[in-house]
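Structure record follows, encoded as structure tokens.
The values are calculated or read from the model by the stated rules, or taken from the named source; none is laboratory data. Predicted model, so just to flag it, every value in this text is computed and none were measured. Cβ sites come from the backbone with ideal geometry, for glycine too, and all protein chains shown count toward neighbours.
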Amino acid sequence: MQLYPDRFESHIRKGLVNFYLIFGDEPLQKMLTLESLRKHAATQGFDERQQFVVDNQFSWHSLIEATQTLSLFSSRQFIELEMPTGKPGAEGSKVLTELAHNITVDTIVVIHGAKIGKDVQKTKWFKALDKQGVYVPCYPQEGKQLSNWIGSYMSKLGLQASPSATALLTDFCEGNLLAAKQEMDKLALLYPQGKIDEVQMEKAVVDQSRFNVFQLVDVMLSGDAAKTVKMLHRLESEGVEPTIIAWALTREWQTLNHLMSSKIAGQTINWNQHRIWSNRQSLYNSAMNRLTLENLEQIRSKLQIIDRRIKQSQVHRPYVELCHICLLFIAYDLQNLAMQ
């Protein structure tokens, strides 16, 4: 059975099942879903928790053993299996399919990982587990979905924001649920009375460090390489997380890609659709005049690489790589860049 994250908590209060499949690319929803399930399962006596990761050293026999044995101190167990690729392989598929038909009522198995496609959802093992469990897809929230999620979370915190204030926060945090959650947690501390208007929202969420990220984007779009590098250095010295910069650059790439596609197709650009007001339209026109589709493809590739490396903690100097990506937006020839 498929169930979206916003309905998950109310569902598990009605009773727990043996299998939970939690997959997707939205980290906050996955984290909140897992935390909610762990806490609720603990209150129901599932106090023995084991965790496994399907990697090159993983043995599927260890999962079989875990489901068949209990400690002396617990009668119920909670097993988490992280499957990064979403594909268990031939041996894993066989084990999971058999497990679906031989699980005890005192065992919960949670399988989680990155986004999976229809090919995985059509496999025998997935169908077998889904038939007896719950599949929770965690996808990025956008537009109305994001606005509804923000409204729901604010209600849990006892906050009441005006429609314009909610729209401001939605626009500020689009594509980044973690940032939205952090801002709302902060709002609950700043405004304990609960009611928030647009002026209060703007004062609270547009703090100096993040505002500079938007300044960085504008300077980069204008094509000023020297000022872009200086601003990046300042943001690094202020301790701004590289993930925030990477998120902002990804968002700008998406916008430029849409604008360029419309321009090449000979269509009139609908600036309002992209929420680009008149004071910033010249910046995007400047960027489109110097960039090509080949440039955008190169930027997309670099953004995917740094996103993966940051998540896997494999990048030692993220701001150096972010600087190179910014220069690609400017169409700067990196081959002529002096090495120091």
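Brief remarks follow.
- Looking across segment 1-14 at every residue that is over 21 Å from the mean Cα position of the chain (by Cα) and not polar (S, T, N, Q), the one that is nearest to Val120 (Cα to Cα) is identified as Met1.
- Some residue of segment 278-300 being at negative phi and modelled with pLDDT under 85: yes
- Flag if Glu252 is surrounded by 12 or more Cβ atoms within 10 Å (Cβ to Cβ), farther than 19 Å from Asp171 by Cβ and of a type in the set (D, E, K, R): no
- Members of segment 271-320 found to be without any contact (Cβ under 8 Å) to a residue 60 or more places away in the chain and aromatic (Phe, Trp, Tyr), listed by number: Trp271, Trp277
- Odd one out for Gln193 among (1) in the same structural domain as Leu328 (by TED's automatic domain parsing); (2) not in a helix (DSSP H, G or I): (1)
- Restricting attention to segment 306-323 and to residues that are at pLDDT 90 or above and either loosely packed, with under 14 Cβ neighbours inside 10 Å or hydroxyl-bearing (Ser, Thr, Tyr) (or both), the residue that is nearest to Met231 (Cα to Cα) turns out to be Tyr319.
- Top-ranked residue in segment 15-45 [being assigned to a loop (DSSP other than H, G, I, E, B) and at positive phi; ranked as farthest from the chain's Cα centre (by Cα)]: Gly45
- Just so you know, in segment 167-179 the residues that are in contact (Cβ under 8 Å) with a residue 60 or more places away in the chain and assigned to a helix (DSSP H, G or I) include one that is surrounded by the fewest Cβ atoms within 10 Å (Cβ to Cβ), and it is Asp171.
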